[in-house]
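Below is one structure, written out as structure tokens; the observations come after it.
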Amino acid sequence: TNHTLFPKANYDPHRDFAPISMLCSSPHILVVHPSIPATTMNELIALAKASPGKYSYSSAGPGTPAHLAGELLKQTFGIDITHVPFKGGGPGITSTLGAHTSMAVTALPTGINYVRDGSLRPLGMFSSRRTSLLPNVPTMAEATGQDLPADIVNGFLAPAKTPRAIIDTLNREITKVMASADTKERLAKLGFEAIGSTPEEFEAWVRTETVRWGKVIRDNKITLE
């Protein structure tokens, strides 16, 4: 996203890097304060449409994946909810816990404990599949009929023109580690799921996501200096 967010970015994510492997991913989740009279995404969308500008959502800050996921939601359903950016996911979720913002779009690791203890109500997961960490929370596709994946993906990349033999060696060792039960268990405690990939799969994902989020950024005129 930085390549689109920052007009003066002096690097190209496709030209200057050689993908090695994805590592793990964690979705964003939409949670609402218990005072909000919506128990499903469709009910929340109906509320927002009935009262444009009344509701707000917090995020970890302008241009962050949480902000972009929130704008994607607004754009997809034509709803008017106010974005309230914070300096980090922690302050953002605290705002919603205190009912200062109606809802939060937050990374799963930031919000999961508040969902589990009932402090916040989860309505939908920004992911194409449910997470084993909160198996009862539906994906946006299940909740609304619209697939809105917004996963935080970590991965390894090398400088462009790194010899393919080195890329292959690193990929082999990385995917071996990501497939281990110990790694999966440790990541799960942090709110992430191990994935691993081939270099080609990672490159395809980067290209697809660059186009998809670039459109959201341009359509909503989001720029950072």
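Looking only at residues in the range 1-25 that are open to solvent by less than 70 Å² (accessible area, probe 1.4 Å) and of a type in the set (D, E, K, R), which one is farthest from THR106 (Cα to Cα)?
Checking each candidate, the answer is ASP16.
Could you look through the range 61-101, keep only residues that are in contact with a strand residue (DSSP E or B) (Cβ under 7 Å, 6 or more places away or on another chain) and open to solvent by 20 Å² or more (accessible area, probe 1.4 Å), and pick out the one that is nearest to SER26 (Cα to Cα)?
PRO65
Show the residue pairs meeting these rules: Cβ distance below 8 Å; 6+ apart or different chains; first residue within the range 1-20 and under 19 Å from GLU201 (Cα atoms); second residue in a loop (DSSP other than H, G, I, E, B) and not aliphatic (A, V, I, L, M).
Partner pairs satisfying both residue conditions: THR1/GLY63; ALA18/LYS161; ALA18/THR162.
Yes or no, residue by residue, for (1) under 30 Å from ASN113 (Cα atoms); (2) out of contact with any Ser or Thr (no Cβ under 7 Å at 6 or more places or on another chain):
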position	(1), (2)
ILE167	no, yes
LEU170	no, yes
VAL177	yes, no
ILE195	yes, no
GLY214	no, no
THR223	no, yes
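May I ask you to say which residue of PHE202, PHE192, PHE156 is touching a Cys at 6+ places or on another chain (Cβ under 8 Å), aromatic (Phe, Trp, Tyr) and closer than 21 Å to ILE20 by Cα?
Numbers: PHE202 fails: touching a Cys at 6+ places or on another chain (Cβ under 8 Å); PHE156 fails: touching a Cys at 6+ places or on another chain (Cβ under 8 Å).
It is PHE192.
Each row is one residue, and each column tells you yes or no for (1) assigned to a helix (DSSP H, G or I); (2) modelled with pLDDT of 95 or more; (3) touching a strand residue (DSSP E or B) at 6+ places or on another chain (Cβ under 9 Å).
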{"site": "GLY111", "(1), (2), (3)": "yes, no, yes"}
{"site": "TYR114", "(1), (2), (3)": "yes, yes, yes"}
{"site": "GLU173", "(1), (2), (3)": "yes, yes, no"}
{"site": "GLU185", "(1), (2), (3)": "yes, no, no"}
{"site": "GLY191", "(1), (2), (3)": "no, no, yes"}
{"site": "GLU200", "(1), (2), (3)": "yes, yes, yes"}
{"site": "VAL211", "(1), (2), (3)": "yes, no, no"}
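Quick one: is HIS28 touching a strand residue (DSSP E or B) at 6+ places or on another chain (Cβ under 6 Å) and either at negative phi or surrounded by 21 or more Cβ atoms within 10 Å (Cβ to Cβ) (or both)?
Working: touching a strand residue (DSSP E or B) at 6+ places or on another chain (Cβ under 6 Å): yes; either at negative phi or surrounded by 21 or more Cβ atoms within 10 Å (Cβ to Cβ) (or both): yes.
Answer is yes for this residue.
Can you spot a residue in the range 43-56 that is within 30 Å of LEU187 (Cα to Cα) and either outside any loop (DSSP other than H, G, I, E, B) or open to solvent by less than 20 Å² (accessible area, probe 1.4 Å) (or both)?
Looking through the range 43-56, none of the residues is within 30 Å of LEU187 (Cα to Cα) and either outside any loop (DSSP other than H, G, I, E, B) or open to solvent by less than 20 Å² (accessible area, probe 1.4 Å) (or both).
Determine, yes or no, whether THR183 is touching a residue at least 24 places away in the same chain (Cβ under 8 Å) and either over 22 Å from TRP205 (Cβ atoms) or of a type in the set (Ser, Thr, Tyr) (or both).
Judged against the criteria, THR183 is not a match.
When you go through THR169, THR223 one by one, which is the residue that is within 24 Å of ALA107 (Cβ to Cβ) and among the hydroxyl-bearing types (Ser, Thr, Tyr)? Show your work before the answer.
Values: THR169 fails: within 24 Å of ALA107 (Cβ to Cβ).
Just a single option satisfies the conditions, and that option is THR223.
Of all residues in the range 116-154, which are in a loop (DSSP other than H, G, I, E, B) and farther than 26 Å from TRP205 by Cα?
Across the range 116-154, the qualifying residues are ASP117, GLY118, SER119, LEU120, ASN136.
Kindly list, by first and then second residue, each pair from a residue in the range 45-64 that is farther than 19 Å from MET140 by Cβ to a residue that is polar (S, T, N, Q) and assigned to a strand (DSSP E or B), limited to pairs with Cβ atoms under 7 Å and residues at least 6 apart or on different chains.
Note: pairs meeting the criteria are GLY53/THR82; SER56/THR82.
Please go through the range 128-143 and give me each residue that is closer than 16 Å to ALA188 by Cα and in contact (Cβ under 8 Å) with a residue 40 or more places away in the chain, ordered by number.
Those that are closer than 16 Å to ALA188 by Cα and in contact (Cβ under 8 Å) with a residue 40 or more places away in the chain: THR131, SER132, LEU133, LEU134.
In this structure, is ALA104 open to solvent by less than 20 Å² (accessible area, probe 1.4 Å) and closer than 22 Å to LYS221 by Cβ? Before the answer, list the steps.
Details: open to solvent by less than 20 Å² (accessible area, probe 1.4 Å): yes; closer than 22 Å to LYS221 by Cβ: no.
The answer is no for ALA104.
The values are calculated or read from the model by the stated rules, or taken from the named source; none is laboratory data. Keep in mind that what you see is a predicted model, and the values were worked out from it rather than measured. As a convention, Cβ positions derive from the backbone with ideal geometry for all residues, glycine included, and neighbour counts pool all protein chains shown. Calculation scope for accessible area: heavy atoms of the full protein, side chains included, ligands and nucleic acids excluded. Shrake-Rupley method; radii C 1.70, N 1.55, O 1.52, S 1.80 Å.
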